[in-house]
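Enquirer: Below is the structure I would like to discuss, written out as structure tokens.
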Amino acid sequence: MFARYRKPSTTHKIQPVEVAPERSKQQSPTELQARAKAAAAVQRSVPARAAPTDRAEQRKQRLNSLKSDIHKRLLESLNLAALDRASEAELRTEIATIAAETLDEMDVVLTSDERKGLYQELYYEVMGLGPLEPLLQDETVNDILVNGPKQVFVERAGKLELSDVTFRDDRHLMRIIDKIVSAVGRRVDESNPYVDARLADGSRFNAMVRPIAVDGALVSIRKFKKEKLGIDDLVRFGAFSEEMALYLEAAVATRLNIIVSGGTGSGKTTTLNALSSFIGPSERVLTIEDTAELQLQQPHVGRMESRPANMEGKGAVTQRDCLRNALRMRPDRIIVGETRGEEVVDMLQAMNTGHDGSMTTIHANSARDGISRLENMVAMAGLEMPLKAVRSQIGSAVNLIVQVSRLHDGTRRMMSVTEITGMEGEVITMQEIFRFERVGLLEDGTVEGYFTATGLRSAFSERFKRLGYDLPAHIYNEVTPRR
Ligand SMILES: Nc1ncnc2c1ncn2[C@@H]1O[C@H](COP(=O)(O)OP(=O)(O)OP(=O)(O)O)[C@@H](O)[C@H]1O
Ligand SMILES: [Mg+2]
């Protein structure tokens, strides 16, 4: 029934290898010798530092070394062209059948759990991304960080932990990387040692390989979450207070230009996405990203994704190109996923010329630092403009900087909400409206603190009121911490 997924003739034979020490069967001395030899060969292929501590461990290692043989056999036996049309159930059965035959030929006996585990891994190996697959399917994992074949870290609930996932060796890891990047028509090798891509499920993927990655390929995956965190979730998780949420609603709805600033993995994109929920349903929103991560809920959204140059160095479409084109597409608002280069010039211009209500993120550690980053980006874009002119452009373009941060205990918090109020001489003036006040550190590493207003009333309160967002005055009151 499954022969159509199998190549007509596969005569490849694999030498028997002993894996089942508990197997009770009469064996002749010569057989025993052959088996001992084969078992020794398997032992030699196991890395020296992973010396088995007990029988179970030893067995696991032998099984591991078998997997690559069986996988090779699978690739030789399966008719890869027919796989696309097969259902998952058919494929699983076929893989299990071929694997079982191979195990029989190799004279290997496995427990039913081992068999199940093996078939599952082989399925992931053939159809998915091998050892990464269980991590990709694990909803609690946010980030996957691979440092060479033997070290895979994951981020759960804001904390990094070493997983027990490993790759067989460098080649195994490279094969999985190749599988990912070739699926999007890219290549990664010595002459082109780093690459960005998007996995089929939308996750953001970056890899860097030898010789630039010294100890073996480095891979980072930001998992794509179908269910994005909304404003309510973020308030519930303690990312910001209800008062701040009220204020942010008014800020977005009344079209302030907003920058979400923060360090890497601090929750910038998540915050930007959540803020976008306050955009009205009748507005035309265009989003521009290097890797499409944003998921706006509005009905009228145009999504753009920049593109790197192809192998001949041609065909690049930068965020700046997208942004310039977007301005001709009659947007009410423009959202740039992350401003990191020359597109800053067009972004500021857009914010200054009728596309108010635009939003972006930048990589910076405070609101003040964020302004310096913008200045640097403008300077790098080669714009011959005196600093004062650059500052006044930034000062009139940006209304609000929202600073997010990942704290030591793994929680992500909005550390500060700062309004830009204008210029005094050459200095951009700002006022902080809300902040997270750190109180201390508990013994278990939890950061203690609370959100409070600074007591300053928003410079935009009149605008909010005029446009129907008459915020209650108490949200600007300082909070007295409970002792
Ligand atoms: N307040 C939060 N509570 C719990 N998880 C969060 C929170 N904010 C973000 N996350 C999760 O943290 C991860 C990183 O978030 P996000 O992608 O928004 O960060 P980022 O600052 O944009 O990262 P990068 O610098 O890599 O672009 C995501 O998996 C996201 O779901
Ligand atoms: Mg991001």
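Enquirer: Kindly indicate the residue of region 240-259 that is touching a strand residue (DSSP E or B) at 6+ places or on another chain (Cβ under 6 Å) and small (Gly, Ala, Ser) and also surrounded by the fewest Cβ atoms within 10 Å (Cβ to Cβ) among those meeting that condition.
Expert: 241
Enquirer: Hey, can you tell me all the residues within region 238-262 that are within 20 Å of the chain's Cα centre (by Cα) and either of a type in the set (A, V, I, L, M, F, W, C) or modelled with pLDDT under 95 (or both)?
Expert: 239, 260
Enquirer: Looking only at residues that are over 14 Å from the mean Cα position of the chain (by Cα) and β-branched (Val, Ile, Thr) in region 266-298, which one is farthest from residue 342 (Cα to Cα)?
Expert: By that ranking, first place goes to 279.
Enquirer: Report, ordered by the first and then the second residue, all pairs with beta carbons closer than 8 Å, sequence separation of six or more or different chains, a first member in region 231-247 that is more than 16 Å from residue 412 (Cβ to Cβ) and in contact (Cβ under 8 Å) with a residue 60 or more places away in the chain, and a second member that is part of a loop (DSSP other than H, G, I, E, B) and polar (S, T, N, Q).
Expert: 247/458
Enquirer: Out of all the residues in region 329-338, is one or more surrounded by 16 or more Cβ atoms within 10 Å (Cβ to Cβ), of a type in the set (Lys, Arg), without any contact (Cβ under 8 Å) to a residue 40 or more places away in the chain and away from ligand 1 (no atom under 16 Å from the Cβ)?
Expert: Looking for residues that are surrounded by 16 or more Cβ atoms within 10 Å (Cβ to Cβ), of a type in the set (Lys, Arg), without any contact (Cβ under 8 Å) to a residue 40 or more places away in the chain and away from ligand 1 (no atom under 16 Å from the Cβ), one finds none in region 329-338, hence no.
Enquirer: Applying the selection to region 296-324, what residues are touching a strand residue (DSSP E or B) at 6+ places or on another chain (Cβ under 8 Å) and within 26 Å of residue 373 (Cβ to Cβ)?
Expert: Correct list: 296, 303, 304, 305, 306, 307, 308, 316, 317, 319, 322, 323.
Enquirer: OK, next. Grab the helices (runs of 4 or more DSSP H) fully contained in region 218-308, keeping just those with 3 or more residues being in contact with a Phe, Trp or Tyr (Cβ under 8 Å, 6 or more places away or on another chain) and within 11 Å of ligand 1 (Cβ to nearest atom).
Expert: Fully inside region 218-308 and qualifying: nothing.
Enquirer: Shifting gears a bit: Which residue is modelled with the lowest pLDDT, if the candidates are limited to region 187-205 and must be more than 22 Å from residue 215 (Cα to Cα) and part of a strand (DSSP E or B)?
Expert: Top of the filtered list is 198.
Enquirer: Residue under question is residue 197, and the condition is that it be under 19 Å from the mean Cα position of the chain (by Cα) and away from ligand 1 (no atom under 14 Å from the Cβ); does it hold?
Expert: When the stated conditions are applied, residue 197 passes them.
Enquirer: Let me ask something additional. Would you point out which residue out of 212, 180 is more than 14 Å from ligand 1 (Cβ to nearest atom), part of a helix (DSSP H, G or I) and not polar (S, T, N, Q)?
Expert: 180
Enquirer: To continue, here is another question. How many residues does region 115-125 contain that are in contact (Cβ under 8 Å) with a residue 24 or more places away in the chain and farther than 15 Å from residue 168 by Cβ?
Expert: 2
Enquirer: Could you please tell me which pairs satisfy a Cβ distance under 9 Å, a separation of 6+ or placement on different chains, a first residue in region 248-276 that is of a type in the set (Asp, Glu), and a second residue that is within 14 Å of ligand 2 (Cβ to nearest atom)?
Expert: Within 9 Å, the pairs are 249/275.
Enquirer: Got a number for residues in region 463-480 being of a type in the set (D, E, K, R) and part of a helix (DSSP H, G or I)?
Expert: So the answer is 3.
Enquirer: On to the next question. Tell me whether region 355-365 contains one or more residues that are free of Cβ contacts under 8 Å to residues at least 60 places away in the same chain, more than 16 Å from ligand 1 (Cβ to nearest atom) and either more than 21 Å from residue 279 (Cα to Cα) or β-branched (Val, Ile, Thr) (or both).
Expert: No, every residue in region 355-365 fails to be free of Cβ contacts under 8 Å to residues at least 60 places away in the same chain, more than 16 Å from ligand 1 (Cβ to nearest atom) and either more than 21 Å from residue 279 (Cα to Cα) or β-branched (Val, Ile, Thr) (or both).
Enquirer: Filter region 398-417 down to the residues that are within 11 Å of ligand 1 (Cβ to nearest atom) and in a loop (DSSP other than H, G, I, E, B) and list them by number.
Expert: Within region 398-417, 407, 410, 411 qualify.
Enquirer: Across region 142-193, which residue is surrounded by the fewest Cβ atoms within 10 Å (Cβ to Cβ) among those that are closer than 17 Å to residue 205 by Cβ and among the acidic types (Asp, Glu)?
Expert: Top of the filtered list is 189.
Enquirer: Against the definition (among the polar types (S, T, N, Q), surrounded by 13 or more Cβ atoms within 10 Å (Cβ to Cβ) and without any contact (Cβ under 8 Å) to a residue 60 or more places away in the chain), how does residue 429 come out, yes or no?
Expert: The answer is yes for residue 429.
Enquirer: Look at residue 83 and say whether it is on the phi < 0 side of the Ramachandran plot and modelled with pLDDT of 75 or more.
Expert: So residue 83 does not fit the description; no.
The values are calculated or read from the model by the stated rules, or taken from the named source; none is laboratory data. Keep in mind that this is a model prediction, so the values were computed, not measured. Glycine also receives a Cβ, built like all others from the backbone with ideal geometry; neighbour counts cover every protein chain displayed.
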